[in-house]
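Here the structure comes first, spelled out in structure tokens, and everything after it is commentary.
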Amino acid sequence: MNDSKHQVLKSVFGFDTFRLGQEAVIDLLLAGRRVLAVMPTGSGKSLCFQIPALMRDGLTIVVSPLLALMQDQVASLRLAGVAAEAINSAQSRDTNVAVWRRVASGETRLLYLSPERLMTARMLEALAKLGVKLIAVDEAHCISQWGPSFRPEYRDLGRLKELFPEVPIAALTATADAVTRTDIVEQLFDGRAETLVLGFDRPNIRLAVRGKQDSKRQLLAFLKDHAGENGIVYCLSRKRTEQTAQLLAAHGIPALPYHAGMSREVREANQNRFMTEPNLVIVATIAFGMGIDKADVRFVFHMDLPSSLEAYYQEIGRAGRDGAPAEAHLLLGLADIRMRRLFIDEEDAGEDRKRREHQRLNALIGYCEAAGCRRQILLSYFGESPQPCGNCDNCIRPVQLVEGTLLAQQILSAVKRTGERYGAAHIVDVLRGVPTERIMAAQHDRIPTFGIGAERKKEEWHALVRQLIAGGWLEMDIAGFGGLSVSGKGHALLRGADSFHYRPYEKLARVRGKAGDPQAGAVDDILLTSLKSLRLRLAKERRLPAYLIFSDRTLLDMAARRPRNRAEFANVNGVGAAKLGEFSDVFLAAIAAHSTIEQV
Ligand code: ADP
Ligand code: ZN
């Protein structure tokens, strides 16, 4: 029994070793346990239930919220020679009927369903008769109202534990803070399940955060250090995405936009180019990234603030999947914080949920303004407890905090004296003694702190305000207009019962240098490029996304090993029996052709 999971891993999926966490989840499921597995995107969650599903006879049900993800997984399993099916609204009724027939005949090993399809009385009854061996709930955070993407259809899945009391159930997610985790286990398992949180550390990604001063200039400066590399630049809005892509193109940097407002064809074309071409920057909204499995993304640059620490983690996680050094760089500005607050308040959601969303955002702001190791903050948010990393801006250049209690009191006092309803820009004008129309009209030139800090630059004051918000001394109003008010903690600071230390303002500084030795360069770029275009052709013929044929990692391994025959091809990471049969000849031919050219 113990051997067979390795056997399935090799023969079906073509992998030699399990990744961190996979074996533990598989073993628990094989022992009939209920498991919540929290593992980051791209860590290989699917195998955790696919392998147990293939190790015993019978049917496994996989609940998945998104049609596209479902179709991807089914297509990918089929390419690996597995009898996987989906029943959903994207398929015709006839197709769904035919699928059900194969399920009923016992042919199908994995059946993918949306939660609303699964939880119909008819489906549940039919499945109960048929017998179900394993249930996997993918994107399990959707069950939690406190999670970042609650789906009401998921709530009904709470009945599964009573409907199938004997069946092991796996819940899988990449995004779950402590509150969401507890909630998932409560709802799906009545509080009784093994929870595994694993593999969140991505030590090769260097983390850095900078105050936003001139985002375009900051981006261009960053890209100068990353010439010729693939990367993703995330922007908040579609318009900014377009503008930024144009800006880069105007500076001779190959860049393409990607956002949900573009037509599907253009989006797919841009995505395919990004997947195959070297030296390309994609400028995208968060619409970009779902199912992206490109191994050699060297950087993720955030022009604007993500919505939460989870979202940030997901987005930077698209960098450096090949294990070689990569960089995550984020710009934080006060206007972004305001915008994010506004988004939350405009959401059609209850007060409780909004409050939690604000807390999530606060965690991200706290991370941005932190003076200690960023990785420690990030990972402890996900339940891990690591040592300082040595590969974030704060570890590389430790921040000398400056005592600033008096400065903080001046800011808090100005906020109080102006009635706790003005935004940072106005407060800073007061402190710097700028006689704007608004200040004169409100007679704010008469309050004691007017002009008290004229010698400090506007940006310096803004950085201080951000740090006061991040530390909870100041609050930014919930109505989204950016009005500042003094918190309980802030009042203590005003009274002198608390102290304030801040990280000093830096002028457009950057972290320089690279971490470790890049492993890239070991493979032949020209060969790799031709393997990628072959993959793209095969994908197009089959109307599938390219990464389903072979992942980037598989192509990298292929280019490094240069197999000369089928036996050698079978050793490439990610080549299982079915793909060996279907694809080895064309790829072997391409590699042979390349070797001939080299010898000429
Ligand atoms: P997730 O669902 O966690 O986002 P996937 O299950 O889609 O991740 O897996 C991401 C990629 O990792 C896929 O290309 C998959 O084939 C690959 N993968 C999974 N397990 C292994 C393994 N043990 N060894 C090598 N590659 C793996
Ligand atoms: Zn660190």
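For the reader, a short list of remarks on this structure follows.
- Cα shape, the range 107-172, gyration tensor, a/c 1.5 rule: prolate
- Charge dipole of the range 31-166 about the Cα centre (unit charges at C-beta), most positive-ward option of Gln91, Leu134, Leu118: Leu134
- Rg then Dmax, both in Å and based on the Cα atoms of the range 363-505: 16.6, 53.
- Rounded, prolate or oblate (a/c below 1.5 giving rounded, otherwise prolate when a/b exceeds b/c) for the range 200-316 by Cα gyration tensor: rounded
- Neighbour-limited loop hits for GluC sites (Glu not before Pro), the range 284-349 (at most 16 other Cβ within 10 Å; DSSP other than H, G, I, E, B): Glu347
- Surrounding net charge for Leu36, when Lys and Arg each add one and Asp and Glu each subtract one, Cβ distance under 10 Å: +1
- Cα-projected label distance for His491 with Ala104, points at 7 Å along beta-carbon direction, nm: 6.9
- Rounded to the nearest angstrom and listed largest first, the equivalent-ellipsoid semi-axes of the chain from its Cα gyration tensor are 47, 30, 21.
- Exposure of Val12 as accessible area (Å², to 10), given a probe of 1.4 Å and all protein chains: 30
- Counting DSSP beta bridges with both ends in the chain, the antiparallel % (nearest 5): 10
- In this structure the amide hydrogen of Arg206, modeled in the peptide plane, comes within under 5 Å of the amide hydrogens of Ala326, Glu327, Ala328, none closer than 5 places in sequence on its chain.
- The range 51-65 and the range 392-447: distance between their alpha carbon centers, rounded to Å: 58
- In this structure, His6 and Glu265 have a Cβ-Cβ separation that, at R0 = 45 Å, corresponds to a calculated FRET efficiency of about 0.60.
- At an R0 of 56 angstrom, the distance between the Cβ atoms of Glu194 and Ala593 translates into a FRET efficiency of 0.65.
- Once the Cα atoms are used to define both axes, helix 238-250 deviates from the longest principal axis of the chain by about 90 degrees.
- Net +/- balance of residues flanking Glu369 in space, Cβ distance below 9 Å, scoring K and R +1, D and E -1: +2
- The residue among Gln73, Leu538, Phe200 whose Cα reaches farthest toward the positive pole of the charge dipole of the chain, with charges on the beta-carbon of Lys, Arg, Asp and Glu, is Leu538.
- Within the range 1-113: Cβ-based charge dipole about Cα centre, in debye rounded to nearest 20 (Lys, Arg +1; Asp, Glu -1): 160
- Förster radius 60 Å - calculated FRET efficiency between Val586 and Val399, Cβ distance, rounded to 0.05: 0.65
- Expected 222 nm ellipticity per residue - DSSP helices of 4 or more, -39500 (n - 2.57), all of the chain, to 500: -14000 deg cm²/dmol
- Å² per residue, accessible surface of the range 544-600 at 1.4 Å: 45
- For Thr180, the solvent-accessible surface with a 1.4 Å probe is about 0 Å², rounded to the nearest 10.
- Solvent-accessible surface of protein heavy atoms, probed at 1.4 angstrom with all chains present, puts Trp461, Trp100, Trp473 in the order Trp100, Trp473, Trp461, largest first.
- Taking Cα centre as origin and charging only the Cβ of basic (Lys, Arg, +1) and acidic (Asp, Glu, -1) residues, the dipole magnitude of the range 148-241 rounds to 940 debye.
- Protein accessible area in the chain, 1.4 Å probe - carbon and sulfur %: 51
- A 1.4 Å probe run over the range 329-473, with the rest of the protein chains in place, finds 45 Å² accessible per residue.
- On Cα atoms only, tilt of 458-470 relative to the major axis of the chain in degrees: 60
- Principal-axis analysis of the Cα atoms of the chain puts helix 264-276 at an angle of about 80° to the longest axis.
The values are calculated or read from the model by the stated rules, or taken from the named source; none is laboratory data. It should be emphasised that the depicted structure is a prediction, and the values quoted were computed from it without experimental measurement. Ideal geometry is used to build each Cβ from the backbone, glycine not excepted, and the neighbour counts take in all protein chains shown. Just so you know, the surface numbers come from the protein's heavy atoms only, side chains and all, with ligands and any DNA or RNA stripped out. Shrake-Rupley method; radii C 1.70, N 1.55, O 1.52, S 1.80 Å.
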